[in-house]
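Scroll down for the structure; my scribbles are underneath it.
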Amino acid sequence: MTAHYLALSGGVGGAKLALGLSKICSQGTLSIVTNTCDDFTHLGLYIAPDLDTVMYTLADVVNTKTGWGRADESWNLMNVLKTIGGESWFLLGDKDMAVHIERTNRLNKGESLSAVTQALTQALNIEHAIVPMTDDRVQTMVTTELGEMAFQHYFVREGCQPKISSIRFDDIENARPSPAFTAAIADPELAGVILCPSNPFVSIDPILHIPGVRDMLNKLKVPIVAISPIVKGLAIKGPAAKMLQELGKEASVYSIARHYKGLINGLIIDTEDAPHGPTIEAMGIRVKVTNTIMKNLDDRKNLAATTLQFIQDIQHDKL
Ligand code: FO1
């Protein structure tokens, strides 16, 4: 039996670990299920930022400065759109636009998001399965001091500035996990589940909130491990720390452990947070301390290897 792994990911932070995993897992042994609650319709097009970030990262065409969008991008469309008074707060490069147009066109013809994603990843020669969490339309809505708004409006248009008081996932109660997601959980060769170092509230929670997903994960006999996206009270990327504070929680690895308690068997924390280890272990969660800041490909591969070893260690101790 070959060990298969299932990774749950959001955008930029998760994609870095997903890349590391993709480099050390052989073809066909890794499924990366990606959040689609950040998706939105913009300029009449269906935009799926987290799927595209993971896809571009694994295809090695991502803009490494931003972590999203494509490398060697041109901005002709955006520039012209601005001059004719179009909405230009969400930056869509010319190459990136081709993907949004093709995806929207296929969706409008009745293809599922799973089928479109499979076609796009195949065209980009990606060896591993990148899978949308659901084929149903769902959307993260953020309640802020300026009112409720869709995630990308909060994140990009408002630059995460307005104070938030709550988050909800619109229509999640009617969503079903995508067929490949269900199959990955039911895979008899599944050896472990990895919650990538993505924002727990807006990237991983939507995946866990799809009806039935948490129950299916809880029934698994294989380890579920998370990698903390918070190091020394700060988010490695994005607004996770600010969100934690505004939602009345402490920005620390301890909050991440509490958030995932009851689901995960292990939590990987950064060396800087080693002193929190015993408190987290006292909660019944195994802790692995290592470097979690992924600056280059070696860091990504090392963290991926440590994660898979941690899964094996937990499984071994369970037997
Ligand atoms: N993030 C920004 O901060 N500004 C942008 O203009 C922007 C455009 C964009 C276009 C396509 C895409 O796939 C991602 C894009 N992102 C942008 C990133 C995106 O908002 C975030 O990565 C995620 O939604 C958060 O996980």
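The values are calculated or read from the model by the stated rules, or taken from the named source; none is laboratory data. It should be emphasised that the depicted structure is a prediction, and the values quoted were computed from it without experimental measurement. Cβ atoms come from the backbone with ideal geometry, glycine included; neighbour counts cover every protein chain shown.
For LYS95, the test of being at pLDDT 95 or above, buried (at least 23 other Cβ atoms within 10 Å of the Cβ), within 14 Å of the ligand (Cβ to nearest atom) and basic (Lys, Arg) is failed.
Of everything in region 185-200, what is surrounded by fewer than 23 Cβ atoms within 10 Å (Cβ to Cβ), away from the ligand (no atom under 16 Å from the Cβ) and within 18 Å of the chain's Cα centre (by Cα)? Give them in sequence order. Spell out the reasoning first.
Keep residues of region 185-200 that are surrounded by fewer than 23 Cβ atoms within 10 Å (Cβ to Cβ), which gives 185-191, 200.
The next check asks that each one be away from the ligand (no atom under 16 Å from the Cβ); those that pass are 185-191.
Within region 185-200, just ILE185 meets the criteria.
The residue that is nearest to the ligand (Cβ to nearest atom), counting only those in region 57-79 that are farther than 16 Å from ALA18 by Cα and among the hydrophobic types (A, V, I, L, M, F, W, C), is MET78.
For region 154-174, taking the residues that are free of Cβ contacts under 8 Å to residues at least 24 places away in the same chain and within 12 Å of the ligand (Cβ to nearest atom), the one that is nearest to LEU208 (Cα to Cα) is identified as TYR154.
Just a yes or no: is a residue in region 262-278 touching a Pro at 6+ places or on another chain (Cβ under 8 Å) and under 26 Å from MET141 (Cβ atoms)? No, the conditions are met nowhere in region 262-278. Scanning region 16-56 for residues that are among the aromatic types (Phe, Trp, Tyr) and either more than 11 Å from the ligand (Cβ to nearest atom) or under 10 Å from the mean Cα position of the chain (by Cα) (or both) turns up just one, TYR46.
Taking the conditions exactly as written (within 16 Å of the ligand (Cβ to nearest atom), surrounded by 22 or more Cβ atoms within 10 Å (Cβ to Cβ) and either farther than 26 Å from LEU91 by Cα or within 20 Å of the chain's Cα centre (by Cα) (or both)), does SER178 satisfy them or not?
Values: within 16 Å of the ligand (Cβ to nearest atom): no; surrounded by 22 or more Cβ atoms within 10 Å (Cβ to Cβ): yes; either farther than 26 Å from LEU91 by Cα or within 20 Å of the chain's Cα centre (by Cα) (or both): yes.
Judged against the criteria, SER178 is not a match.
Name every residue in region 80-92 that is of a type in the set (A, V, I, L, M, F, W, C) and more than 10 Å from the ligand (Cβ to nearest atom), in order of residue number. Selection gives VAL80, LEU81, ILE84.
For ALA175, the criteria (1) touching a Leu at 6+ places or on another chain (Cβ under 9 Å); (2) closer than 18 Å to TYR46 by Cα hold in every case but one, which is (1). Here's a check for you: in region 1-15, which residue that is more than 9 Å from the ligand (Cβ to nearest atom) and part of a loop (DSSP other than H, G, I, E, B) is surrounded by the most Cβ atoms within 10 Å (Cβ to Cβ)? For region 1-15, the residue satisfying everything is ALA3.
The C-beta contact set for region 50-62 (first residue closer than 18 Å to SER114 by Cα, second residue modelled with pLDDT under 95 and surrounded by 24 or more Cβ atoms within 10 Å (Cβ to Cβ), distance under 7 angstrom, 6+ apart or interchain) comprises ASP50/GLY11; THR53/GLY11.
Against the list (1) within 30 Å of ILE314 (Cβ to Cβ); (2) crowded, with 21+ Cβ neighbours inside 10 Å, the condition VAL142 fails is (1). The lone criterion from (1) surrounded by fewer than 17 Cβ atoms within 10 Å (Cβ to Cβ); (2) part of a strand (DSSP E or B) left unmet by ASP299 is number (2).
Between LYS109, LYS65, which is charged (D, E, K, R) and more than 24 Å from GLY14 (Cα to Cα)? If you could, list the steps in order and put the result at the bottom.
Numbers: LYS65 fails: more than 24 Å from GLY14 (Cα to Cα).
Exactly one of LYS109, LYS65 is charged (D, E, K, R) and more than 24 Å from GLY14 (Cα to Cα), namely LYS109.
Given the criteria within 13 Å of the ligand (Cβ to nearest atom) and either closer than 21 Å to ILE207 by Cβ or in contact (Cβ under 8 Å) with a residue 12 or more places away in the chain (or both), does VAL142 qualify?
On the way: within 13 Å of the ligand (Cβ to nearest atom): yes; either closer than 21 Å to ILE207 by Cβ or in contact (Cβ under 8 Å) with a residue 12 or more places away in the chain (or both): yes.
Yes; evaluated as a whole, the condition is true for this residue.
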